[in-house]
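I have placed the structure first, in the form of structure tokens, so that the comments after it can refer back to it.
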Amino acid sequence: MKKLLLIALLIVGCDSPTEALPADCAGVAGGTAVEDCAGVCGGDAYLCDGVCGVELWGVCYSIANTTELGLHGSQLTGEIPSEIGQLTNLTYLQLECRALVIVLLL
């Protein structure tokens, strides 16, 4: 009788089957990461003015179409936001700090 009960438990099982949770864009089951409009998992690019962009200093810049930024005379303070790295086609960046003018060719 014990063998019959053991066989029945092996066939039927004790636990109800569980469904696998869907994976997010990072491959984490049940995770919440999503791709932004630029296709970056967990990125912060978003649609602004109908194009995929990133906001820098309160202005939306197109990720695909921004090739240069001339920010001289704009009275900016603080650090350069890391989001500037999402402007993948940026080749020219001009910043001004009082008497010092910084020009970076990327």
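The values are calculated or read from the model by the stated rules, or taken from the named source; none is laboratory data. Everything numeric here is computed off the predicted structure, so don't read it as measured data. Because the Cβ atoms are built from the backbone with ideal geometry, glycine has one as well, and the counts that use them run over all protein chains shown.
Computed values, structure above
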{"read-out": "Pick from the stretch 16-37, criterion assigned to a loop (DSSP other than H, G, I, E, B) and of a type in the set (A, V, I, L, M, F, W, C), ranking: nearest to ILE84 (Cα to Cα)", "value": "CYS37"}
{"read-out": "The stretch 68-81 residues that are within 8 Å of GLN94 (Cα to Cα), paired with ones that are among the aliphatic types (A, V, I, L, M) (beta carbon under 6 Å, 6 or more apart)", "value": "LEU69/LEU93; LEU71/LEU95"}
{"read-out": "All positions within the stretch 41-50 that are outside any strand (DSSP E or B) and of a type in the set (A, V, I, L, M, F, W, C)", "value": "ALA45"}
{"read-out": "Given (1) surrounded by 10 or more Cβ atoms within 10 Å (Cβ to Cβ); (2) within 29 Å of THR66 (Cβ to Cβ); (3) modelled with pLDDT under 85, number of the condition LEU6 does not satisfy", "value": "(2)"}
{"read-out": "Selection status of CYS37, in contact with a Leu (Cβ under 8 Å, 6 or more places away or on another chain) and over 22 Å from LEU93 (Cα atoms)", "value": "yes"}
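One line per residue, one yes/no per condition, for (1) outside any strand (DSSP E or B); (2) modelled with pLDDT of 90 or more; (3) in contact with a Pro (Cβ under 9 Å, 6 or more places away or on another chain); (4) loosely packed, with under 11 Cβ neighbours inside 10 Å:
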| residue | (1), (2), (3), (4) |
| --- | --- |
| GLY39 | yes, no, no, yes |
| CYS52 | no, yes, no, no |
| TYR61 | no, yes, no, no |
| HIS72 | yes, no, no, no |
| LEU76 | yes, no, no, no |
| GLU96 | no, no, no, no |
